[in-house]
Amino acid sequence: EQENKNRLRGLDAQKANISAGKAVARILRTSLGPKGMDKMLQSPDGDVIISNDGATILEQMDVDNQIAKLMVELSRSQDYEIGDGTTGVVVLAGSLLEQAERLLERGIHPIRIAEGYEMASRIAVENLEKIANKFVFGETILEPLIQTCMTTLSSKIVNRCKRSLAEIAVKAVLAVADLERKDVNLDLIKVEGKVGGKLEDTELVYGIIVDKDMSHPQMPKQIEDAKIAILTCPFEPPKPKTKHKVDIDTVEKFQTLRKQEQKYFDDMVQQCKDVGATLVICQWGFDDEANHLLMHRNLPAVRWVGGVELELIAIATGGRIVPRFQELTAEKLGKAGIVREKAFGTTKDRMLYIEHCANSRAVTIFIRGGNKMIIEETKRSIHDALCVARNLIRNNSIVYGGGSAEIACSIAVEAAADKYPGVEQYAIRAFGDALESIPMALAENSGLQPIETLSADNNPHFGIDCNDVGTNDMREQNVFETLIGKQQQILLATQVVKMILKIDDVISPSEY
């Protein structure tokens, strides 16, 4: 077999690379837009994921081809930077590759195609700035933000509750946003999910939800004005690190050992009580005896709370994480207006709500859903909506969705192509044609006639009426997208396509 392996060079290599990129784009093309289909992905160990989020689909796909991996990286970088538009960016890149293939067959050099694409992408990005509108919003005027988040959610499984989920996402982002610095720390928004209930039961909690309950069933289920000790030290006697053996041969020795242990616990509990703690949250467990003592000394406790959750609790309640009992002081306690345990449905599932915290800049979005897959997909959808709201706070310019921005850019690029005398003008025209692939895909996925639908007049607000409302004006339909998201899509797709076009020699590892 090794002797028969040959290198791909020149045009053959470029065509092979282009077909690999197109194959990935073809998979995602059908999941674009509000009427787009979902993909079901099965992992090697049998887990099933149902999603139409481009980045998630490509992340889970087992891709061997190196060029296809570049497309995966492309959607990932759009996801990291913008959070939304991960499907669109791959579809656009695939269409650019398709157009490039035609130009290569006509004998145009790949470098000239790449340069033409670069010029065209600059024209498109400048045109986006011209057709963009500024949005005015504030802590009381939320509607523009909500409308933009609803556009993002309308292409997801959760689109029947898009209004309520968009409101939750916007309120969550504004709760943690620093509007003066135009900055949002999304790490302060925790997204939790629990199977059961329905999507409409999803709620925003101004505080933290921990998937734990009180360590003893008889501890109080609700604590008001809680002062919380956040510990990373265990509630148990110290264990010698070396291999040890204690010989107990009389009852007296056993009694002494037991008293010593009990004194140890008493001291620990007393230290917590002395600084005024009314709730202990501990990273480690404690045995039944400690649990019993805590219950008797009226000190409610929660055990086995993970490190990330501890940090969020500390941020929200303004407390400090204490590594040793000796360092516990009253200043290090976190404060919360109410800590309550809430049970769900007929099951024994309970969760701990820590609300009305001293520092309300940490919030939790609590998702309910019929099964695990719905909850996971809702988490991904909410993430996209949060990112869109964050981008609007950073830069409040929007363009209209439904493919209208791409159509407007395509017309602008076509018009500008005549000004370039060289071979590049073919590539610039091809770029304009490629931009039409997004509205074409939206029309196809909605079951419309793509050519008829696209030949509307030259208006930057006219897009594809996917939901069959009866108007193509995206302003009336309230379909918005962020300007930086759209610009990033065009720039990233162009960069990756240029890179793929410049590869003319594929060497397999066996030939090194």
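The values are calculated or read from the model by the stated rules, or taken from the named source; none is laboratory data. Please read these numbers as outputs of a predicted model, since none were measured by experiment. FYI the Cβ positions are ideal-geometry reconstructions off the backbone, even for glycines, and counts take in every protein chain you see. Please note that ligands, DNA and RNA were not included when accessible areas were found on the heavy atoms of the full protein model with its side chains. Shrake-Rupley method; radii C 1.70, N 1.55, O 1.52, S 1.80 Å.
In table form, for the structure just shown:
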item: Long-range amide H partners of HIS216 with built H, under 5 Å; result: ALA301
item: Compactness of region 212-359 as Cα Rg over 2.2 N^0.38 Å, two decimals; result: 1.13
item: For region 348-393: rounded, prolate or oblate by the Cα gyration tensor [a/c cutoff 1.5]; result: oblate
item: Cα-based helix-to-principal-axis angle, 404-417 vs the chain, degrees rounded to 10; result: 40
item: Cα centroid separation, region 433-505 to region 174-191 (Å); result: 30
item: Pairs of Cα atoms farther than 28 Å apart, region 371-504, %; result: 28
item: Amide H contacts of VAL191 (H built 1.01 Å from N, under 5 Å, at least 5 apart or other chain); result: ILE365
item: Using θ = phi - 60° and Karplus 6.51 cos²θ - 1.76 cosθ + 1.60, couplings along region 491-504 (whole Hz; Gly, Pro as x); result: 5, 5, 4, 5, 4, 5, 5, 4, 4, 5, 5, 7, 8, 10
item: Portion, in percent, of the accessible area of the chain that falls on carbon or sulfur, probe 1.4 Å; result: 50
item: Packing-based ranking, highest mean first, of 390-401, 40-51 given that Cβ atoms within 10 Å are counted; result: 390-401, 40-51
item: Tensor-based shape of region 267-351 (alpha-carbon gyration tensor, a/c under 1.5 rounded, otherwise prolate or oblate); result: oblate
item: Candidate values (i) 28.6; (ii) 25.0; (iii) 26.3, label of the one derived for Kirkwood radius over Cα pairs in Å; result: (iii)
item: For region 381-390, 3J(HN,Hα) per residue [Karplus equation, 6.51 cos²θ - 1.76 cosθ + 1.60, θ = phi - 60°, Hz, x = Gly/Pro]; result: 5, 4, 4, 4, 5, 4, 5, 5, 4, 5
item: Between region 104-122 and region 290-350, the alpha-carbon center distance in angstrom; result: 61
item: Per-residue ³J(HN,Hα) for region 102-114, Karplus 6.51 cos²θ - 1.76 cosθ + 1.60, θ = phi - 60°, Hz, x for Gly and Pro; result: 5, 5, 5, 5, 7, x, 7, 5, x, 5, 5, 5, 4
item: Under 5 Å, built H, 5+ apart or other chain: amide partners of VAL322; result: ILE230, LEU231, THR232
item: Inter-centroid distance (Cα atoms) of region 36-101 relative to region 198-242, Å; result: 39
item: Solvent exposure of the chain as accessible area per residue, Å², 1.4 Å probe; result: 48
